[in-house]
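The structure under discussion appears below in the form of structure tokens.
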Amino acid sequence: MRALIAGNWKMHGLAASRCEVAALADKMKASAPADCDVLICPPATLVAAFAKDFSGAAIQFGGQDCHAVPSGAHTGDISAEMFADAGAAFVIVGHSERRADHGESDAEVRLKAEAVLRAGLTPIICVGESEAERKAGTALDVVGAQLERSLPETSADFVIAYEPVWAIGTGLTPTLADIAEMHGFIRSNTRKDVRILYGGSVKPGNATEILAIDNVNGALVGGASLKADDFYPIVMAGGKQ
Ligand code: PEP
């Protein structure tokens, strides 16, 4: 299966951040894994410009969230069709920051994932347990319930990102055994051809060992995707699965 190394820039990046994409594109031109897809999800304001400027590069662009309907009276929202029109290939849905900051439920996440598919793009559907749930030994149950309620019923392509909430932006990661257990569990609950990404404090220093785990088919990377110097070694590690 081709790996997917996806960068989530969150609410970071201005037009000048183009230089980081250009630096990554240059590095990838010199050497890049043939069996790895590379994606950057910048703020929505930058998707169209990046998709146009880097149309010749082996980097795809995506959104970080979308509304479930194609258009309408929803001030400030962006639809999956608008991301498609801007040149996006993927949209992240159900990121834990969306679930926490905007109270998004599993049912809404599923509607958003279906919207992304409707627009002809690929959803990256995020799931993951909180620190308290991990400590209580309920991580598998929590993620199992999220999968049951948030995954679209489809034979189309979608991606699952397992992101333990306590590992996002903290520098903490689960043990390799815990990642292997969770990814094996997710695999047993979904199709064989669905890519399952790990996300949560992936860095150049730990990417190779995480990406070598069975059923880890790529990474969703926050902080370390902002600088080409950090993201490029993770992209290279994606080719070594
Ligand atoms: C994320 O935002 O999805 C993420 C995994 O962040 P970080 O890599 O910074 O932990």
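The values are calculated or read from the model by the stated rules, or taken from the named source; none is laboratory data. The structure displayed is predicted, hence computed values, not measured ones. Counting neighbours? That spans all protein chains shown, and the Cβs are built from the backbone with ideal geometry, glycine included. SASA here: full protein model, heavy atoms, side chains in, ligands and nucleic acids out. Shrake-Rupley method; radii C 1.70, N 1.55, O 1.52, S 1.80 Å.
Some observations on this one:
- Residue within region 219-229 that is away from the ligand (no atom under 16 Å from the Cβ), polar (S, T, N, Q) and buried (at least 16 other Cβ atoms within 10 Å of the Cβ) present: no
- Residues that are within 11 Å of the ligand (Cβ to nearest atom), buried (at least 16 other Cβ atoms within 10 Å of the Cβ) and not basic (K, R) do not occur anywhere in region 178-195.
- Pair list, Cβ < 8 Å and 6+ apart or interchain, from region 163-182 residues that are small (G, A, S) to residues that are open to solvent by 60 Å² or more (accessible area, probe 1.4 Å) and more than 9 Å from the ligand (Cβ to nearest atom): A180/D214
- Wholly within region 8-110, strands (runs of 3 or more DSSP E) carrying at least 1 residues that are among the aliphatic types (A, V, I, L, M), open to solvent by less than 30 Å² (accessible area, probe 1.4 Å) and in contact with a Lys or Arg (Cβ under 9 Å, 6 or more places away or on another chain): 90-93
- Applying the criterion of being out of contact with any Gly (no Cβ under 8 Å at 6 or more places or on another chain) and open to solvent by less than 10 Å² (accessible area, probe 1.4 Å) to the residues of region 230-241, the residue that is nearest to the ligand (Cβ to nearest atom) is I234.
- Residue within region 147-160 that is among the aromatic types (F, W, Y) and away from the ligand (no atom under 15 Å from the Cβ) present: yes
- Residues that are more than 16 Å from the ligand (Cβ to nearest atom) and more than 17 Å from the chain's Cα centre (by Cα) are absent from region 91-102.
- Annotation for region 119-133: at least one member residue is crowded, with 18+ Cβ neighbours inside 10 Å, more than 17 Å from the chain's Cα centre (by Cα), away from the ligand (no atom under 15 Å from the Cβ) and modelled with pLDDT of 95 or more.
- Top-ranked residue of region 21-45 - restricted to ones that are of a type in the set (V, I, T) and closer than 17 Å to L220 by Cβ, ranked as farthest from the chain's Cα centre (by Cα): V38
- Number of the exception - S201 against (1) within 26 Å of A23 (Cβ to Cβ); (2) among the hydroxyl-bearing types (S, T, Y); (3) more than 15 Å from the ligand (Cβ to nearest atom); (4) in a loop (DSSP other than H, G, I, E, B): (3)
- Of all the numbered requirements in (1) within 13 Å of the ligand (Cβ to nearest atom); (2) under 25 Å from D35 (Cα atoms); (3) aliphatic (A, V, I, L, M), I213 misses one, and that requirement is (1).
- Taking every residue in region 204-221 that is within 16 Å of T175 (Cβ to Cβ) and of a type in the set (K, R) and pairing it with any residue that is open to solvent by 50 Å² or more (accessible area, probe 1.4 Å) and in a helix (DSSP H, G or I), at least 6 positions away or on another chain, yields no pair with a Cβ-Cβ distance below 9 Å.
- The set of residues from region 195-224 being within 20 Å of V127 (Cα to Cα) and of a type in the set (S, T, N, Q) comprises S201, N215, N217.
- Scan of region 111-143 for residues that are under 20 Å from G169 (Cβ atoms) and outside any strand (DSSP E or B), ordered by number: G128, E129, S130, E131, A132, E133, R134, K135, A139, V142, V143
- Selection within region 145-162 - free of Cβ contacts under 8 Å to residues at least 60 places away in the same chain, open to solvent by less than 50 Å² (accessible area, probe 1.4 Å) and within 18 Å of the chain's Cα centre (by Cα): Q146, L147, S150, L151, P152, A156, F158, I160, Y162
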